[in-house]
Amino acid sequence: MLKQVFRKPQRASYFKETLLVELEELGHKSIGIIAFISFFIGGVIALQTALNVESPFIPKSLIGFATKRSIILEFAPTFCSIILAGKVGSYITSSIGMMRVREQIDALEVMGVNSLNLLVLPKIIATVFFYPFLVILGMFLGIFGGWVAGVLSGLFSGVDYVEGLQMDFNPFLIKYSIIKTIVFAFIIATVPSYHGYYVKGGSLEVGKASTNSVVWTIVVIVVVNYFLTQMLLT
C-alpha cells in the first residue's frame with residue numbers, strides 16, 4: 001500500500017486542495033481537544049506529585065521537575081497521540097471506507113487515478129507536519145496547567161514550581177519527543193487508512209473497521225513507543 005501511496009501525484013492542483021482540507025480536518029480541528037486535555041492533565045500530574053511528596057527533606061522544586069519530565073517524555077507525545085488516534089483514526093477510516101462502499105474509489109481507479117496517493121498521502125503529510133506543533137502546544141499547556149493547579153490549591157508555590165522547571169534541563173528530551181510524535185503521526189495516518197481502504201461490505205462493516213483501526217493504531221503506537229524509548233534513551 002505504501003509503495004502506491006508515495007508515488008508522484010498525478011494531479012498536483014487537486015492534491016494541494018486535498019492537503020489543505022486534511023490540514024483543517026486532521027490538524028486544526030484537533031487543537032481544542034489537545035489544549036483542553038493537556039491543561040488539566042498537567043494540573044493532575046502536579047497535584048499528584050505534590051500529594052506524594054510530603055517529606056520535609058524533599059524540596060518542593062521536585063514537583064515542577066517531575067511534572068516537566070512526565071509531560072515532555074510521555075504525556076505530550078504518547079498520550080496525545082493516543083487521543084488523536086481515537087479522534088482522527090476513526091475519521092480517516094470512516095471517510096475512506098464510505099468512499100469504498102459507495103464505489104467512489106473504484107471510479108477513481110477506472111479513470112486511471114492513483115487513489116491511494118490521492119487519498120492517503122495528504123493525510124500523512126498533514127499529520128507528520130502538523131502534529132509536532134500540537135505536541136509542543138500540549139507541553140506548554142500541560143506545564144502551565146501544573147503551575148495553575150499549584151497556585152490555586154496552595155500545595156506548592158509558583159516560585160518552587162518554576163525552579164523545578166529550570167532544574168537539569170536537557171534539550172535532547174524535546175528532540176526525543178518530537179521524533180516520537182513524527183513516527184506516531186505516520187502511524188495515525190497510515191493504519192486507519194489501510195483499514196478504510198480495504199474494507200468490504202456496507203456501512204456496518206465501515207463502523208467495525210473504524211473500531212478496529214483505532215484499536216490497532218493504539219496498539220502499534222504503544223509497541224513502537226517501547227522500541228523508540230529503548231533506542232533513543234538507553
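Anything in the stretch 1-29 that is exposed (fewer than 12 other Cβ atoms within 10 Å of the Cβ), under 17 Å from residue 190 (Cα atoms) and either free of Cβ contacts under 8 Å to residues at least 60 places away in the same chain or within 13 Å of the chain's Cα centre (by Cα) (or both)? List them, or say none.
Within the stretch 1-29, just 3 meets the criteria.
Among the helices (runs of 4 or more DSSP H) confined wholly to the stretch 30-119, which include 2 or more residues that are without any contact (Cβ under 8 Å) to a residue 40 or more places away in the chain and surrounded by fewer than 19 Cβ atoms within 10 Å (Cβ to Cβ)?
Working: elements: 31-52, 61-70, 80-101, 104-110.
It comes to 31-52, 104-110.
Taking the stretch 167-182 on its own, how many of its residues are crowded, with 16+ Cβ neighbours inside 10 Å and charged (D, E, K, R)?
Residues that pass the stated criteria total 1.
Looking at the stretch 48-63, which of its residues are hydroxyl-bearing (Ser, Thr, Tyr) and within 11 Å of residue 156 (Cα to Cα)?
Matches in the stretch 48-63: 49, 61.
For the stretch 142-151, indicate whether the set of residues that are surrounded by fewer than 22 Cβ atoms within 10 Å (Cβ to Cβ), in contact with a helix residue (DSSP H, G or I) (Cβ under 9 Å, 6 or more places away or on another chain) and at pLDDT below 90 is non-empty.
Yes - at least one qualifying residue is present in the stretch 142-151.
Here is a yes/no grid of residues against (1) modelled with pLDDT of 95 or more; (2) in a helix (DSSP H, G or I):
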position	(1), (2)
156	no, no
160	no, yes
163	no, yes
172	no, yes
175	no, yes
187	yes, yes
199	no, no
207	no, yes
211	no, yes
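Do you know which residues across the stretch 195-226 are surrounded by fewer than 18 Cβ atoms within 10 Å (Cβ to Cβ) and among the hydrophobic types (A, V, I, L, M, F, W, C)?
Those that are surrounded by fewer than 18 Cβ atoms within 10 Å (Cβ to Cβ) and among the hydrophobic types (A, V, I, L, M, F, W, C): 204, 215, 216, 219, 220, 222, 223, 224.
Give me the pairs: first residue in the stretch 158-174 and without any contact (Cβ under 8 Å) to a residue 60 or more places away in the chain, second residue surrounded by 17 or more Cβ atoms within 10 Å (Cβ to Cβ), beta-carbon distance under 6 Å, and six or more apart or on different chains, which are they?
158/147
Of everything in the stretch 183-194 that's under 22 Å from residue 102 (Cβ atoms) and hydroxyl-bearing (Ser, Thr, Tyr), which residue is surrounded by the most Cβ atoms within 10 Å (Cβ to Cβ)?
193
Against the definition (in a helix (DSSP H, G or I) and closer than 27 Å to residue 100 by Cβ), how does residue 144 come out, yes or no?
Answer is no for this residue.
Which of the residues belonging to the stretch 30-52 are among the hydroxyl-bearing types (Ser, Thr, Tyr) and more than 15 Å from the chain's Cα centre (by Cα)?
49
The values are calculated or read from the model by the stated rules, or taken from the named source; none is laboratory data. Since the model is a prediction, treat every value here as computed from it, not as a measurement. Every residue, glycine among them, receives a Cβ derived from its backbone with ideal geometry; neighbour counts consider all protein chains shown.
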